[in-house]
Structures are given as structure tokens and as C-alpha cells.
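The values are calculated or read from the model by the stated rules, or taken from the named source; none is laboratory data. Because the structure is predicted, anything quoted here is derived from the model rather than measured. Virtual Cβ from ideal backbone geometry, glycine too; neighbours counted across all protein chains shown. SASA here: full protein model, heavy atoms, side chains in, ligands and nucleic acids out. Shrake-Rupley method; radii C 1.70, N 1.55, O 1.52, S 1.80 Å.
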Amino acid sequence: MTTTTLDFDTIKTQEYLVNMGPQHPSTHGVLRLVLKLEGEIVHNVDPVVGYIHSGIEKMCESLAYHQIPHLTDRMDYLSAHMNNEAVALCVENALQIEVPDRVKVIRTIMAELQRLASHQLWWCVMGMDMGALTTFFYGLRDRELILDIFEETCGARLTLNYSTPGGVMFDIHPNFQKRVKDFIKYFRAKLPEYNQLLSGNVIFRERTIGIGHLSQKDAIAWGVTGPSGRASGFACDVRKHHPYSAYDRVNFNEILRTEGDTYARYQARVDEMSESLDIIGQLIDNIPEGDHQVKMKGIIKLPEGEFYQRVETARGELGVFIVSDGKKNPYRVKFRSPGFSNLAALNHMSKGVKIADLVAIMSTLDLVIPDIDR
Amino acid sequence: MKEIIRYLNDIIKGLCTLVKGMAVTGHYFFHPKLITTQQYPENRATLKMQERFRGEVIMPHDANNRHKCTGCGICEMNCPNGSIEIITRMIETPEGKKKKVIDKHIYHLGMCTLCNLCVKACPTGAIVMGQKFEHAVWDRSQLTKVLNQPGSEIMTDEKE
């Protein structure tokens, strides 16, 4: 029998293109990545977006201002409340309406609950992307409790449409405070489980530490916001630097990390979960009395001009830009979605990594595809 | 030699973290009461949605087949995606006055985003959100519903 010996130094590999997606479980939706590979090494990532472009910005031009929030539910469906809030705040600023304190506090609590729910889903999907199916069940188990709170007060679990221009849709349910307090107590006890299951796991650490590095300079240059940007040391928390709603009356830390790798982005989100619990804990006992809605006109007309409002969603900075020509419909609406900007940095972060690492990097960016395509 | 020690060290450390993770899952394995999974289709009898849950738009009728809808069309105007169509007709009241009443309140569940704007805008509280959430049907046409029941009429204040 003759044995052939391969001299690996002389074998030339060829660059080739592979489509990852649009139907791929780890892209979390219909995102297509055109990968330029050499063997298993990624040389270039070219995201192709637009597979579920639904024209939300254009549809907004034919809707009245109180109808716009229900469409923004469908953009970033995991931070539906923050999207509603952004539009509501923008319209309120344009009309120079001061909403009651009660509304501000309710909105802040709801936004933090939504952030928790989003981070819980991100955490369990992150584990699943890396092959740890167990985490999926643990994250969803805790998220279910938040969705129950939403269902009781807002009437929906995912597409809340709770924040409307001038207030919130319903007053809080009588059980709301008790349920939220129970949840905080429950989740504080369960959060260490998250670290035990995934953060400390040796396989997980080996696959994340030092992978997909993004420096602070690059994070700022690419406009990577949210926990992904803060993991690179970019202090970009809108809640801290440009407070809206009731964020100016709570104490919380902006989670900043300096490593900028996949593990730092992971840890930033896990730490943010406990910060969110702190914020809710500070507010839940002091919800001021008052109305849950300012009396608004049946048809809201904004003064002529351009209005911009930004909020911190679970993924980063969401900006709402409304151009009004004084009619009952906006002339133009533009959403600055965090997912789109974060995706732009993916190519920069994933040059020279393996395909399996690309999945991990993409997972820590926490992409929601309707948010990118809108 | 150092390499080997580090290699062995890594293996032991790795096993420790695996055991740590397994301890969490093992805890639930031996404490099945802590598991919160719902057996969905089997628990239909006990499964109750919250009172504010938005499942579909319905129009409640009382025992005498009467509803509160005046046919004003405000819900139709407030609907962002045209899920509601109001068809009215004119009738003559016993006093000889002409009055506009609702003929058909057509509701397209397939187009509805359950945003609650129609229910919020309704001046008489004629439409509310129902609790039903199992909406799957065999044919798309079944998703278009007429909310006011045949032969129903409006509740008048003096009869209440």
C-alpha cells in the first residue's frame, strides 16, 4: 500500500463565496451574509439587507400621529415599548406637552421591563447559537413572567402599543406593583443561574474571550451603540447622558467595559439586567398619583418643523425624526435604528475569524432583522 | 513538563465549570415542581387570559339582542389599516324622524393589528376586545366577520 503525504504548505486554497442565510437559524431572521472565505477563515462579510423591508417609514406618512406607535411595535419587536415611547416623546416635544409624572414613571418601568425581557431572550438565543440548548429554556422561563405583567397591564405580550402621544393606553393594573415586586425578587435569585450556566462555562469562555474585537475608536466611528458599543468603552447610554421620562430621578450605573470582545459584549448585557432590576426597584414603590393620559385632541396636528427624539432601546440608540408640514400626517418619518448601525460594524469585527466565531459575534450584536430593514 | 501541567489544569478546570452548569440543570431534574412548563392544548379548560388581553374586536349584545353601536364611524376612522368597515342605513323612527342606524359592522380580523385604537375611540363603548386567541381557520374568508348580530338593534337609554 502506498501512502501519499500531503505537504500542507504547498497546497493553495482559493477564496470562495458562500451565502449565509437568508434562511439560516443563526441570523435570527431573513438576513443574508455573503461570506468570502478561505477554508474556514472569514475574509469579508457582506450583509445583504432588505428581505423583510416593510416600508414602515413610508406607511407612517399616511397615518395620523396617534396611529404611528402601533407600527413601530413591528420594527424592533423585542423593544416594542421603547419604540412606542420614542414616537410618543417626539410628538409630545413637538406639541410642547408636559405629561404627568405618573406617565413618566410608568413608561420608565415598562421600558426597563422590556429591556429585561429583550436581554433574557438575547441571553438564551446566544447560548443556543453557541450550541447550549439548555439556556434557551431558562431564559424563556423568566421572560414569560415579564410577558405576563405586560399582558395584565398593556393587554398584549409582544406588540404592546402601550405608549401613545400624551400618555399611556391604560392605567396600570391593580396587581401591577405586586407582580413586578415578586418578579424582581424572583429574578434576583435566578440571575446567578445565568452566570453558572453560561458565563463561567469553559467552552463558552474559550469561544468568546478575545474574539471579534472592536476598539473604542471603531465603535464610535461605526456608530455602534447600546451594550455592544459600551462593551468597547463608548459611553453612549442615552438614558444617562440625555435623560428622558423618569431616568433623571433614578441612580444607575452605565455599564462600561474596555475589552470590546465578544465576551465583554456578553457581560455588558448580563450586567445591564441587574442594573435594570435596580431602576425598577427604585421606581416601583413611588409611582405618583395622577392621570395616565393628557387630554389630547382627536386629530393631532404638529406645528411645521423638524423634530428629533432619541431613546435607548435594548439594542442601542433609536432616533425618531419627524418632518411636519402642519398637516395631520407627517411629511416624512425617519427611524435611526440601532440594529442597522451595529450590523455595519460586523465586517470590521469579523475579519480573520472562523465561521463559528462569526455566529458568536453576530449573536452578541443582538440583531433584530425587522429593526434593520424596517 | 509545564505544558503538560497546564494541559491537565485546563482539563480539571473545564470539568469543574461543566459540573457547575450541570448542578443547575440537575437541581431542576430532581425538583420537578419548580418546572413551570404549561401543557398548552391539554390545559385549555383552565387557561384564562388576562382581562385586558386583546384577542379580537367583538361587539357585546345583551339578552334582547341589542348592542350599543350608533354607526358613527369613529372606529373606522381611527383604524390604521382599514380593518373596519361601517355600513349604515336610514330608518324612520315611530315619531317620524329619520335616523341613521348601523346595518353592518364589518371587521377584517386578518388585517387587524389589535392596536386597541378603535376600542379606545368608541364613544359609546359598543366594541370591546375579546379574549379568544385561537384564530386559525381553514379559509381566509372566515376571518371577515360581521360584528352586529342579524336582527339586532341599538340599546336606547330609556330602556336601560
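Heavy atoms of the protein chains alone define the surface here; on that basis the protein assembly as shown has 49 Å² accessible area per residue at 1.4 Å probe size. Note the angle between two axes, namely the Cα long axis of helix A:355-365 and the longest principal axis of the Cα atoms of chain A, as a number of degrees from 0 to 90, rounded to the nearest 10. Tilt of helix A:355-365: around 20 degrees. Just report the Cα centroid separation between region A:255-323 and region B:116-157, whole Å. After rounding, the separation between the Cα centres reads 35 Å. Counting only DSSP beta bridges whose two residues both lie in the protein assembly as shown, roughly 95 percent are antiparallel. Note on A:E144 and B:K33: the model spin-label points, each 7 Å out from Cα along the C-beta direction, lie 1.8 nm apart. The angle separating the long axis of helix A:80-95 from the principal Cα axis of greatest extent in chain A is about 50 degrees. Taking the C-alpha atoms only, the angle from helix A:101-129 to the longest principal axis of chain A is near 20 degrees.
What's the longest piece of chain A with no exposed chymotrypsin sites (Phe, Trp or Tyr not before Pro), counting a site as exposed if DSSP puts it in a loop and it has at most 14 other beta carbons within 10 Å? No qualifying site falls inside A:9-330, the longest such stretch. Atom-type composition of the exposed protein surface of the protein assembly as shown places 56 percent of the accessible area on carbon and sulfur (1.4 angstrom probe).
Entry note, the protein assembly as shown: the mean residue ellipticity at 222 nm calculated from DSSP H runs of n ≥ 4, each adding -39500 (n - 2.57), is -12000 deg cm²/dmol after division by the residues and rounding to the nearest 500. Size descriptors for chain B (Cα atoms only): Rg and Dmax, in that order, 28.6, 108 Å.
If you keep only loop residues by DSSP, which chymotrypsin sites (Phe, Trp or Tyr not before Pro) in region B:1-63 have at most 10 other Cβ atoms within 10 Å of their Cβ?
none
Applying both filters, DSSP loop and at most 13 other Cβ atoms within 10 Å, to the chymotrypsin sites (Phe, Trp or Tyr not before Pro) of region B:102-160 gives B:F133, B:W138. Chain A has equivalent-ellipsoid semi-axes of 39, 25, 17 Å, by the square roots of 5 times the alpha carbon gyration tensor eigenvalues, sorted largest first. Taking all Cα pairs closer than 8 Å and separated by 6 or more residues, the relative contact order of region A:16-373 comes to 26 percent. Which stretch or stretches of region B:123-154 have amide N atoms under 16 Å from the point lying 7 Å from B:D62's Cα along the Cα→Cβ direction? Output list for this probe position: B:124-127, B:149, B:152-154.
If you run the Gaussian network model on chain A, springs between alpha carbon atoms under 10 Å, then out of A:A246, A:A117, A:A356 the most flexible one is A:A356.
Are there trypsin sites (Lys or Arg not before Pro) in region A:228-309 that DSSP puts in a loop and that have at most 12 other Cβ atoms within 10 Å, and which ones? Those that pass, being in a loop and sparsely packed, are A:K295, A:K297. For B:D103, the residues 5 or more places off, or on other chains, whose built amide H falls under 5 Å of its own are B:I87, B:T88, B:R89.
If you find the alpha carbon centre of region A:329-354 and of region A:11-43, how far apart are they in angstrom? Going from one Cα centre to the other spans 19 Å.
Excluding same-chain neighbours fewer than eight residues apart, the aspartates and glutamates reachable from B:K100 by a Cα-Cα span under 18 Å are B:E76, B:E85, B:E92, B:E153, B:D157.
Excluding same-chain neighbours fewer than eight residues apart, the lysines reachable from B:K20 by a Cα-Cα span under 26 Å are A:K185, A:K190, B:K33. Longer than 21 Å from Cα to Cα, which of A:K295/B:K99; A:K178/A:K295; A:K104/A:K181; A:K240/A:K295; A:K36/A:K351; A:K58/A:K240 are they? Say none if no pair is. With Cα atoms farther than 21 Å apart: A:K295/B:K99; A:K178/A:K295; A:K240/A:K295; A:K58/A:K240.
All other residues whose Cβ lies under 12 angstrom from that of A:G39 are scored, Lys and Arg at +1 and Asp and Glu at -1, for a net of 0. Considering all different alpha carbon pairs of region B:67-134, the Kirkwood hydrodynamic radius works out to 13.1 Å.
Structural descriptor for region B:21-121: relative contact order 24 percent, calculated from alpha carbon pairs under 8 angstrom and at least 6 residues apart. Leaving ligands and nucleic acids aside, the B/A contact buries around 2400 square angstrom of accessible area in total at a 1.4 Å probe radius.
Roughly how many Å is it from the Cα centre of region A:88-163 to that of region A:45-84, as a whole number? Here the answer is 17 Å between Cα centres.
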